[in-house]
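Quick notes on the structure that follows.
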Amino acid sequence: MAEKFDVKLSEKYYMPDPSYKQNSWLGDYQKAYNDFLKDPDGFWDRVAQELHWFTPYTKVKEWNYPYARWFTGGKTNITYNCLDRNVANGRRNKVALIWRGEDGTERIYTYRQLYREVQRVANGLKKLGVTKGDRVCIYMPMVPEQIISMLACARIGAVHSVVFGGFGAAALNSRINGAEAKVVITADVTYRRGKSIPYKRVIEEAIINAPSVEYVVVLRRELDQPVEIHSEMEVDFYDLIKDVSQECEPAVMDSEDPLFILYTSGSTGAPKGIVHTCGGYMVGTYYTTKYVFDIKENDVYWCTADPGWITGHSYVVYGPLAMGATIIMTEGTPDFPDPSIWWRMVEEFGVTILYTAPTAIRMFMKLGEEWPNKCNLSTLRILGSVGEPLNPEAFEWYYRVIGKKSCPIVDTWWQTETGMQMVTTMVGEPMIPGFAGKGIPGVIADVVNKEGKPVKPGTGGFLVIREPWPSMLRTVYKDDERYRKYWNTIPGCYAVGDLAVKNAAGYIMVLGRADDLIVVAGHNIGTAEVESALVSHQAVAEAAVIGKPDAMKGNIIKAFVILRLTHSPSDRLKKELLYHVRITLGPIAMPSEIEFVQSLPKTRSGKIMRRVLKAKELGMDPGDISTLEE
Ligand code: WTA
């Protein structure tokens, strides 16, 4: 239990310019939050009314612990709200999607064009016999067709299961089989650092022993050396949509029908197929996109995530399109051809809202300020972060170097399971580096002990959500028991599995996964905390911390450190780092060992896999490493 947390709560506030609050959709946070508390169902009803329903719902929520149903009786289709509604309401010729390839190729879709493409692919899928409820696996690089395929599935009520394009054949096979996908949509290659990386070979391997698969649709991009299409099972993407109609009526979906499955790695065992539904997910992502990013008609919005992750599902595709926003998508890496590529994108397209991950921010910190400083970033007005704790140093850098001290930063805490952002500091509210913020209006987040009782400010505990919310997962595909676990671990709460601490003002600092806790001499230390302390030293680019069993202390802390290019390893520097941790966190959090390394094992979404480090250190089996980046 994280009872005695030695944590220093920074109280350094940043106040955004008052105009942010005055002009925001939200207005005053506290007022909006109180409105929600007074009448939660009325609150969500007002949000849902902004979207189109073929048949109105009869109830906002039915809560039958631990099962929730939202907007029951309502019939809708998320693509109607993302496409038809925008085409009809004055956004027909507005740019929906700007895509930029690694070699500079651009493809731009207006809402009308995107609408047509989605309907064509939807009709193509119908030709293959895909019907409502069938699962379609999408294994594609970051190209417009990836988004179009997702929307095409949703159009006809097929359940998509997007698998991140970086996964290998075994991981892909288990996800295809898990969802029993009838069709797989893929591409021949992706382009990375000037090279083409084959996808199709991976698919060929992955569909051996995947008896549910009837067709593989292949988007061929290499036109001078086209990969062969094996006609027994494979279909060319363009052939599929050649002679089809541009019109495809949206399937009438019940609010509680599944919209998609997305696999996420569990701390133990096989990946979990998180199931999201049509109505609640639509309302949750629309609401958060509107209020957390405060999107306005003229914004140019860039979320750098791959749609293969939940961040891409909710905040590249569904939320922003439901808002009628202009979105940007790129293929390639942030440091190719050089580390200014992102900042040149911001300058060229006049990006106003940028949403990315701490790991990217820390990489840019390591590479130096000169790259962003070469570009005009003055169009930016809101910055976002997601995926892991945004440590104070990364916050400060993002705020100063990218935001030029004038952009609010929304550090958004949420999960694949939550579907939508849950905890953040809403635009216009005071920001505290290191703290994500508070529950957004609509969400009751708290930090509790294992009995579910709130802990005192400054004391570590478990982050929980107290009431159901529209875009919560409904089940784990074919494993409902794993679903119930989320609600059974801590009485009366949805246990998110993260450790956190609150300050006196109610701001929540997320410390990392509960399984990343190290108990040293009876004290609970969050790995993220020690890492954050190390990274706050000027020599350190990145750090990962693990616990090592120790006869005396139970555990000792071992730190793996990547230095910035300006520094080199030495014993002297080790001592300096130890001293630095002693001063910032106290002696209890001091690592007993520091090892300088060149790289850290990470998941493909950029999270450090401490489990793998630990297994290596202790000479143990690392377990499932299907999510490990090569
Ligand atoms: C972590 C990604 C701190 C957390 C949207 C959570 C964060 C897990 C933050 C979910 C944040 C996500 N601050 N930690 N702002 N955002 N996390 O399912 O441990 O890929 O439980 O969803 O990422 O990861 P997932």
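The values are calculated or read from the model by the stated rules, or taken from the named source; none is laboratory data. Predicted, not measured: the structure shown is a model, and the values here were computed from it. Neighbour counts run over all protein chains shown; Cβ positions are idealised from the backbone, glycine included.
Here are the numbers for this structure:
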| read-out | value |
| --- | --- |
| Residue list for the range 49-93, filter: loosely packed, with under 12 Cβ neighbours inside 10 Å, polar (S, T, N, Q) and more than 24 Å from Val316 (Cα to Cα) | Thr58, Asn64 |
| Subset tally (residues that are in contact with a strand residue (DSSP E or B) (Cβ under 7 Å, 6 or more places away or on another chain) and either crowded, with 20+ Cβ neighbours inside 10 Å or more than 28 Å from Phe336 (Cβ to Cβ) (or both)) for the range 103-116 | 4 |
| Strands (runs of 3 or more DSSP E) contained entirely in the range 226-330, each with at least 1 residues that are touching a residue at least 60 places away in the same chain (Cβ under 8 Å) and within 16 Å of the ligand (Cβ to nearest atom) | 258-264, 272-277, 300-303 |
| Meets criteria (outside any helix (DSSP H, G or I) and at pLDDT 85 or above) for Ile518 | no |
| Criterion (touching a residue at least 12 places away in the same chain (Cβ under 8 Å) and within 14 Å of Leu219 (Cα to Cα)) met by exactly one of Lys132, Lys200, Lys127 | Lys200 |
| Test result for Val464, within 15 Å of the ligand (Cβ to nearest atom), modelled with pLDDT of 95 or more, within 19 Å of Pro389 (Cα to Cα) and not in a loop (DSSP other than H, G, I, E, B) | yes |
| Residue that is assigned by TED's automatic domain parsing to the domain that holds Val162 and not basic (Lys, Arg), where the choices are Phe293, Phe237 | Phe237 |
| Check on Glu481, assigned by TED's automatic domain parsing to the domain that holds Leu367 and of a type outside the set (A, V, I, L, M, F, W, C) | yes |
| Any hit, the range 162-169, residues being over 25 Å from Lys132 (Cα atoms), exposed (fewer than 15 other Cβ atoms within 10 Å of the Cβ) and of a type in the set (Gly, Ala, Ser) | yes |
| Filter result for Ser24 (of a type in the set (S, T, N, Q), on the phi < 0 side of the Ramachandran plot and assigned to a loop (DSSP other than H, G, I, E, B)) | yes |
| Cβ pairs under 6 Å, 6+ apart, first in the range 371-395 and closer than 22 Å to Leu534 by Cβ and free of Cβ contacts under 8 Å to residues at least 60 places away in the same chain, second outside any loop (DSSP other than H, G, I, E, B) and within 13 Å of the ligand (Cβ to nearest atom) | Ser385/Pro358; Ser385/Asp411; Leu390/Pro358; Leu390/Asp411 |
| Which listed residue is surrounded by 14 or more Cβ atoms within 10 Å (Cβ to Cβ) and not assigned by TED's automatic domain parsing to the domain that holds Arg112, from Pro271, Pro198 | Pro271 |
| Count of residues meeting criterion [surrounded by 22 or more Cβ atoms within 10 Å (Cβ to Cβ) and not β-branched (Val, Ile, Thr)] in the range 183-195 | 2 |
| Residue list for the range 447-486, filter: touching a Cys at 6+ places or on another chain (Cβ under 8 Å) and either closer than 26 Å to Asp45 by Cβ or acidic (Asp, Glu) (or both) | Val464, Ile465, Arg466 |
| Any hit, the range 607-623, residues being in contact with a Leu (Cβ under 9 Å, 6 or more places away or on another chain), in a loop (DSSP other than H, G, I, E, B) and surrounded by fewer than 18 Cβ atoms within 10 Å (Cβ to Cβ) | yes |
| Checking Lys453 against (1) more than 16 Å from the ligand (Cβ to nearest atom); (2) under 18 Å from the mean Cα position of the chain (by Cα), the condition it does not meet | (2) |
| Residue pairs meeting the criteria (Cβ under 6 Å; at least 6 apart or on separate chains; first under 18 Å from Lys404 (Cβ atoms) and in the same structural domain as Trp397 (by TED's automatic domain parsing), in the range 340-364; second buried (at least 18 other Cβ atoms within 10 Å of the Cβ) and basic (Lys, Arg)) | Thr352/Arg381 |
| Whichever residue in the range 383-427 is of a type in the set (S, T, N, Q) and more than 17 Å from Asp17 (Cα to Cα) and, among such residues, is farthest from the ligand (Cβ to nearest atom) | Asn391 |
| Hey, Trp53 under 30 Å from Glu117 (Cα atoms) and in contact with a Lys or Arg (Cβ under 7 Å, 6 or more places away or on another chain) or not | yes |
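For (1) modelled with pLDDT of 95 or more; (2) acidic (Asp, Glu); (3) in a helix (DSSP H, G or I), each residue gets a yes or a no:
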{"residue": "Lys31", "(1), (2), (3)": "yes, no, yes"}
{"residue": "Asp41", "(1), (2), (3)": "yes, yes, yes"}
{"residue": "Trp70", "(1), (2), (3)": "yes, no, no"}
{"residue": "Trp99", "(1), (2), (3)": "yes, no, no"}
{"residue": "Arg107", "(1), (2), (3)": "yes, no, no"}
{"residue": "Gln113", "(1), (2), (3)": "yes, no, yes"}
{"residue": "Leu125", "(1), (2), (3)": "yes, no, yes"}
{"residue": "Gly129", "(1), (2), (3)": "yes, no, no"}
